[in-house]
1. Quick one: compute a quarter of the convex hull surface over the Cα atoms of segment 6-280 and quote it in nm².
2. Rank by packing, highest mean first: peptides 12-21, 231-240, with packing defined as the count of other Cβ atoms within 10 Å averaged across residues.
3. Explain nothing, just the number: dipole magnitude of segment 358-512 about its Cα centre with +1 on each Lys and Arg Cβ and -1 on each Asp and Glu Cβ, in debye rounded to the nearest 20.
4. Quick check: at a probe of 1.4 Å, how many percent of the accessible area of segment 381-439 sits on carbon and sulfur atoms?
5. Which of the peptides 278-285, 438-445, 82-89 is most tightly packed, and how do the rest follow, going by the mean number of other Cβ atoms within 10 Å of each residue?
6. Viscosity 0.692 mPa s, temperature 37 °C: what is the translational diffusion coefficient of segment 177-282 from Stokes-Einstein with a Kirkwood Rh over Cα pairs, rounded to a whole number of µm²/s?
7. In cubic angstrom, how much convex hull volume per residue do the alpha carbon atoms of segment 97-236 span?
8. Starting with the highest mean, order 176-182, 122-128, 487-493 by the number of other Cβ atoms within 10 Å, averaged over the residues of each peptide.
Amino acid sequence: MYGQDMETIKKENMNLADDIYIFDTTLRDGEQAPGVALTVDEKIQIAQKLDKLGVDKLEAGFPASSKGEVMACSQIKDIVDATTVGLARTVKKDIDAVLEADLDYMHTFIGTSPLHRDYKLKMDKETIIETAIAGVEYGKDHGLTVEFSAEDATRTEKEFLINVYKAVVDAGADFLNVPDTVGVLTPVVTRELISDLKAEFKTPISVHFHNDFGLATSNTLTAIENGANQAHVTVNGIGERTGNASLEELAVTLKAVYGIDIGIDTTQLYNMSEFVGRITGIKMPVNKPIVGDNAFAHESGIHVHGILNNALTYEPISPELVGHSRRIVIGKHTGANALKSKLEQYHIDLDDQQFQKVFDQIKALGDKGKTITDSDLKAIAITEISAAKETPIKLIGLGLLSGAVVSPTATVKLEIDGVVKETSSTGVGPVDAALNAIKDLISDTMDIELEEYNLEAITGGTDALAEVFTITSDSHGNKSTGRATNDDIVMASISAVLDSINKLLLIQRANE
Ligand code: MN
């Protein structure tokens, strides 16, 4: 992916473990995100998807918290291939709940930092170590694989932290987890801490990093570069406060930037993210790396031009790698090339004049701050294709007055064969009033009847483009269709009617 120099730099500066395990905690830390509460059924559905994705371990919950949690954990264990993990404090009651859920793997923790010792646990250092040992031993005595976390490890005195880890290793701990509980690590500090722990312990090192400063993924990658054997992650990076390292960011960065395959099927990541976003109600912002709506979206003329020639010009990876899709967005910054390619994609052929008119309308809508969807573009282009070839009748001006006190009144100014005429009419609504005024103004030229009027908002929202379709007939029995798109309903209606009137007039004149 990089030039040769970068490859060399990476190899010389990394001390990778032979295997890197993904420990997903979406169902435990992710569920602890403010406002998130998952039912047993929802947890099972997410667990099945995570299992298919290929995570190695799946922390299913905190069994001691409720009977429902015990049930969810044991049911998940029965249906997934991944190792199912239950969280427990280093107390008998919590560990018994993990056993009650019939799990084989426990993630147990106790706070080790001065803040946790003095204000939360009210225990001195010795008592912390004794309690940690007792918890690990109790788990091991009952046949559990034990992962031990020194909660708030990154704000714990280094010497004491190492003493705690030594004690639990002696008690039989199988994994040493390093939680950056409030996300204060930086990459440089992470490098030193993990290197020191790797030098000190043969027991595999795991990391659990929070994202309070937006560094969770960077710090996790730094830990892996320096030999960490396992990373705790969550889908969409959800978790306590601003969350944890994100599964999709970590897995894709390892695969695409580092060239390390950790066995995650990245093509399922976009769907996974959407699913978890919907179930938890925590939707991802459009600019979220990997899975955000804009991750592979392009609008500006220069970028779209590059993308159309070779997508790698402005994309680091292909959207297919993560199950996402590329999107060319039409808007204010759209260039002619992008618009032409979009129209080609929809098999819409425009001559130069029609194309220019469509392009001008797109720019004008973009300048008003509107998002132009593909459906909007299609409607605008088709309107242009079907427009009357000549327009003997043109709209010059329009004034509207509507309200509860007065009848809706429209003042319409038309140019008919070069002559400007103006009149006002009332109606049941502004559209009706304007149509009455038009009928009045053209009465010398032709007699028309509106046979059909169809208004549709192309896409949702109150500022959606309106598309109006009309059929108009004259006294000779001729009929013609009219079509218009506009962000204003009245303008769309009047334009559509005038379009059909002009077509009728052209028919009449051709027959004369
Ligand atoms: Mn956490």
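1. 13.3 nm²
2. Working: 12-21: 12.8, 231-240: 27.0.
Averaged packing, sorted descending, gives the order 231-240, 12-21.
3. Once rounded to the nearest 20, the dipole reads 180 debye.
4. 56 percent
5. Values: 278-285: 14.6, 438-445: 16.2, 82-89: 24.5.
In decreasing order of mean packing, 278-285, 438-445, 82-89 become 82-89, 438-445, 278-285.
6. Taking Rh from Cα pairs, D becomes 233 µm²/s.
7. Working: hull volume 15.7 nm³, N = 140.
Taking only Cα atoms, segment 97-236 has a hull volume of 112 Å³ per residue.
8. 176-182, 487-493, 122-128
The values are calculated or read from the model by the stated rules, or taken from the named source; none is laboratory data. As the structure is a computational prediction, the values presented were derived from the model and not from experiment. With ideal geometry, Cβ positions are generated from the backbone for all residues, glycine too; neighbour counts draw on all protein chains shown. Just the protein is used for accessible areas: all its heavy atoms, side chains included, with ligands, DNA and RNA removed. Shrake-Rupley method; radii C 1.70, N 1.55, O 1.52, S 1.80 Å.
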